[in-house]
Structure formats: C-alpha cells, structure tokens
1. Under a crude label model (7 Å from the Cα following the beta-carbon direction), how far is residue 105 from residue 251 in nanometres?
2. Label-point separation (nm) for residue 72 and residue 168, each offset 7 Å from Cα along Cα-to-Cβ?
3. Using Cα pairs closer than 8 Å and at least 6 residues apart in sequence, work out the relative contact order for the chain, in percent.
4. Take 243, 139 and order them by how many other Cβ atoms sit within 10 Å, fewest up front.
5. Pulled fully out, how much extra length does the chain show between residue 240 and residue 56, if you take 0.36 nm times their separation in residues and subtract their Cα-Cα distance?
6. In the stretch 155-291, if every C-alpha pair distance is counted and binned at 10 Å from zero, what percent goes to each bin?
7. Given a Förster distance of 60 Å, report the FRET efficiency between residue 272 and residue 426 from their Cβ-Cβ distance, rounded to the nearest 0.05.
8. Does a label point 7 Å from the Cα of residue 363, set along Cα-to-beta-carbon, have any residues of the stretch 388-431 with amide nitrogen under 14 Å, and which are they?
C-alpha cells in the first residue's frame, strides 16, 4: 500500500477517528453485554461532571480573589464562594476515582466477552491454523486486544470528552472576561500541540507495529524454548536455545529504541510549545495588572487556566498517538472476530437424520496436507449406514487419522465430497458438525 508523505493533521485524524474509530467501537459493542454498556455510560457521565467542575474552578478562584482584595463582599458570600471552590476541587477527584473503579470493572467484564468471541474465532479455524502459531503467540494476541480495548475506553472517556469540555468552557469564560488574547493563545497552542502529535503519531504508529511484532516474536520464542527445555537438556542444546532467544531480544531492543527516540522528540517539541504558550498568557495578564487594566483576580484566573488546561490539552494530544495506535491494532483484531461472527453466532442447523441415507459417506475424497507433496488420502470412497459399527485398520501413515480429520473438517479435501446423512459437511455449520460428530 502506498503511503502519502504529507502529514496534515486533518487527514490521519479524520480517517482514524471518524472512520476506523466508529467501526471498531461498533464492532466491539456487538461483543459487549448490556451491563458493560451501562458501565461505560457511568464512566462517561462521571468524566463529564468532573470536567465541568475543573473548568469552572479557576473562575471561582479569580472572583474570590477579587472579592477578598476589594473587601466589599459579606462574610456569608465569601464562605459560600470558598465552599463552592473547595467543592469544585474535591468533586473531580471523587468522580475520577469512581470512574477509574468503573473502568476496571468494565475491563474485567469486557475481557470476558472478548475472550468468548475469541474462543469462537479459534474454534472456527482448521487445524492447519494452529500448526503455524503456538499458544504463546495466540495468548499474546488476545492480551494485546484486551489492552487496546482498555486504552480506547480510557481515552474516549478521559482524553476526549473531558478535555473538550474543559477547553470549551475555559474559552467561553475567558471570552466573556474579555481575555481574547489568552483565549486565542489557548486555541493556537492546542492546534500546534495536536498537529505535532498527529505528525509524530503517524511515525510512532508505524514503529509500534514493528515493536508489537517483535514483542510477539519474543514471547512466542520464549514459550517455545520453555516447552523444549527437556529436549535441550537431553541433547545439550542450551546454547542454541539461548542464542535464538538473545537474537529475538536484540530485535525487540532495537525496535523499542527507535520507538522511544521519536517519542522523545515529540515530547521536547510539546514542551517548547507550552513554554511559549505560558509566556504569552502570563505576560499579557501581568502587563494588564501593572498598568491597571485588569484586576489581580483576573490575572489569577488566567494563570489558573494556563496551568489547569495544560493536562487536558496534553491528554488530548497524547490521545491522538495512543488511541490511533490502539484503534488500528484493535480494528485488525475485531475484523478477525467479525469474519466468523455470522457462522458462530447463528443457531445450530438441523441436520436431517434419515434412515434411508448413509450416516457417513466419502465420495472419491483426496486430501493433501499443507506443505506436503504426497496425498494423505487418494480417491477414498465408502459409506457407513446408521447404527453400523465399522473398524478401520491399517499401518501407520495409511490415512486412518486423516479420515477423521477430514470428517471433522479440520482439513478440507482437495477433491471429492463428504456427506453426513446426505448433506455435504462443507455446508454444515462448524458447531452443528461438532454436535453430530465426535472422536477421542
């Protein structure tokens, strides 16, 4: 696939957040239960209220400062304003703790649904699927998907909704307070910050693919080495196992080095942008106080917003890097689950069991294993009547096991057909076939 060399903000962000994000979230929601969706609504609600409280805290502080310096407010008004300030400071902490607890519960419940769908996906795969993948690699795949889902949920509630609410309220309050230069500075800083994160994020996303592949390979090699430790001990193959694992670890280390070098570059640029933003905002506020153009409370308001909005803007920018990476890898994982979803979710088909049809019938079946040159079965034809007991004998390699694997559709025959009570097993749902045919 040819990649565009342009790094405009709108293109990657719009494509990933407006196209891939809804598609991935819709696919994920189909694998979530009603309770899990309810937990998600609670998390989002808590973060909305917390964001609103954090956005009005600087305004209350600025007004309280002016009232104290002017000395005109009554004792009751000051106590009320102080109480409101403390409430807006404390409420977000409480709500964020509740949201974090609900996020943890949501992750546990979502993992259960995710694992159920993943097991369905694995059950649909032929035996050849597992010959090229070990259990460590498959476990790492679903673990990574679980982590990606948590990142998406956490970022959507904490790094998208909350920052947008805080920034919007802050700009409105600053505009009403006639601090248009500061409001403009916030917008410019946010745009530059997001642009930098979008540009560097594309590079990080490509590097993360290599980093994840190196991590999976390292985990798979470790699992394979441990499973073969008895053989290594018998044939004195420790050096071979260690050299193979060291080579994979070196590849993992180089991938991490490249990833963190780009990440550090992005963070340095972001730090310089904040220094410029803070200098302009604080300088404008201080100039106004010195020349009598604004009150001390107004300067406190600007300073508080400058520091308060730092975290949400950074969170929104970092979200672009983190969530686009997670959306990409999680989307690939969900595409796998969706590819088998219609088959695995439908009701079991009713296979007619007629006494006039053979229970099992092989018709000129030939089977060759992937990578093999000699067929394991060649032109096999036979039929078994309902209730008939049949013993198949032969030397090792004659094809006894291959007949069972073809009958249970672990491998599909290259030619011929296999019928169960007259119905071709290729047209029978995997779960229905498993209900009808079993082997030990």
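1. Rounded to a tenth, the inter-label distance reads 4.3 nm.
2. 3.4
3. On the way: 480 pairs, mean separation 92.3, N = 440.
In percent, rounded to a whole number, it is 21.
4. By the 10 Å Cβ count, ascending, the order reads 243, 139.
5. Going from the current span to full extension adds 59.9 nm.
6. Calculated over all Cα pairs of the stretch 155-291, the distribution is 10, 23, 22, 15, 12, 9, 5, 2, 0 percent.
7. It comes out at approximately 0.45.
8. Residues 415-427 fall inside that zone.
Readers should treat all values here as calculations from the given coordinates under stated rules, not as data from a laboratory. What you see is a predicted model; the values in this text were computed from it and never measured. In this analysis, Cβ positions are derived from the backbone assuming ideal geometry, glycine residues included, and neighbour counts consider all displayed protein chains.
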